[in-house]
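Have a look at the structure below, then the notes.
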Amino acid sequence: MFSRFLHRIQSSKPQITSLNSTKPFTSLNPKPRTRVAVFWDLDNKPPASHPPYDAAVKLRTAASSFGSVKLMVAYANRHAFSYVPLQVREERKDRKLLNQLEKTGLSKPAEPYFCGVCGRRFYANEKLIAHFRQIHETENQKRVRQIESAKGHQRVRLVAKYSMKMEKYKRAARNVLTPKEGYGLAEELTRGGFWVKMVSDKPEAADRALKEHMVDVMDRREAECLVLVSDDSGFAEVLWEAKERCLRTVVIGDLSEGKLKRVADVAYSWKEVVMGKAKKEVEKVVGKWRDRDVLKTLEWCYDPVLEKERGYACGDWDYGFDSDDEVESGAEMGDGGDWWEMDDEDGAGSSRPCR
């Protein structure tokens, strides 16, 4: 009985750990990461040399190296979304010629074409397209009509029921069907995480909308770093405004000696973004920004209100000097000597001249 009681007391003692085994102290309130906002001028800088989705992913990766990406927005008018780059047009011509050769039997693919929805194999691309339009596109249209006609809880259930099938259809349609207008710029950028906004066809409408959005983000203090994708020198004033507000600015464009790159803190080209140069140099760039912030905290500027509260304003200094009447009365009370001459008690070391 006594042995059980002793064992219970020993087991209830708290375990003492050494100082070396304890975890290092970490701050309860760590410094938040820099918030980054990406603004893309599609009218001036469309992703002509890269697929839209790949360009959006690369741009997001480059922007995330400067902090936490909170906003990605792209502005353009209708013509930017209907435009097809030269590289895409050449690829479509080659694909059309190859389809004709496969149809006549003069060419045969090394590997069959697979349907991304049902998995069927075809040895002609046109047969795959016909199969996809007749079966899968018709089925997807039926699902869309059912969801649009339903309301309330029934609509929620239909969306949950068909969500996976509709997503699978969208992935397969990107590789099979050709967009009716453009080359799928808006859809691909949206899939890459951008909020795409179409503006009117008036001149400089996209630039004005993009500038207003940038100023609104600065006014609301929603970001500490602005990433601008453009070569238009008209955005220089907005970048100057951002620098005056102590925001960090990054420009991505193809002009090597543009006005924007001279104003911004850091500048990259599309090639450098794709190669990952922005991610490699992030430590150097962030280090310079951190040093600049430290120097700004050490700078002194005159604030009359603050100086007056501290008692350092002009006319408030108190040097502790006595008035002229007190000095004269002190001199008259002495033994007739000058007030700046001092004597020792024994008379030795006196500052008076010897007589």
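The values are calculated or read from the model by the stated rules, or taken from the named source; none is laboratory data. No experiment lies behind these values; they were computed from the predicted model shown. Here the Cβ positions follow ideal geometry from the backbone for every residue, glycine too, while neighbour counts run over all protein chains shown. In case anyone asks, the SASA skips ligands and DNA or RNA and just uses the protein heavy atoms, side chains included. Shrake-Rupley method; radii C 1.70, N 1.55, O 1.52, S 1.80 Å.
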| task | Using DSSP to define loop residues, name the chymotrypsin sites (Phe, Trp or Tyr not before Pro) in the range 79-136 whose beta-carbon has at most 16 other beta-carbon atoms within 10 Å. | result | Y123
| Taking 0.36 nm per residue of separation and subtracting the Cα-Cα distance, what length does fully extending Q87 through D201 add? | 38.5 nm
| message | Is there a quick way to get the dipole size of the range 151-233? I mean about its Cα centre, with the Cβ of Lys and Arg at +1 and of Asp and Glu at -1; what is the value in debye to the nearest 20? | response | 1120 debye
| task | At 1.4 Å probe size, with no ligands or nucleic acids counted, give the accessible surface of I129 in Å², nearest ten. | result | 40 Å²
| request: Give me the accessible area of R191, 1.4 Å probe, in Å² rounded to the nearest 10. | output: 100 Å²
| message | Just want the answer: with Cβ charges of +1 for Lys and Arg and -1 for Asp and Glu, which residue in L177, Y75, A209 is farthest toward the dipole's positive end in the range 73-214? | response | L177
| field | Inter-label distance, nm, simple model (7 Å from Cα along the C-beta direction), R262/E244 | value | 1.9 nm
| field | M198, M275, M164, M218, reordered so the largest accessible area comes first (probe 1.4 Å) | value | M164, M275, M198, M218
| field | Cut-off 10 Å between beta-carbons: net charge of the residues surrounding R245, Lys and Arg +1, Asp and Glu -1 | value | -2
| task | Quick one: plug the Kirkwood hydrodynamic radius of the range 86-174 (C-alpha pairs) into Stokes-Einstein at 10 °C, 1.306 mPa s, and report D in µm²/s. | result | 105 µm²/s
| Can you give the extra length, in nm with one decimal, that the chain gains between V159 and D54 once fully stretched, where that is 0.36 nm per residue apart less the Cα-Cα distance? | 35.0 nm
| note | Using a 1.4 Å probe on heavy atoms of the protein chains only, the accessible area for T190 in Å², nearest 10, reads 80 Å²
| note | Charge tally for neighbours of T190 with beta carbon under 15 Å away, counting Lys, Arg as +1 and Asp, Glu as -1, is +2
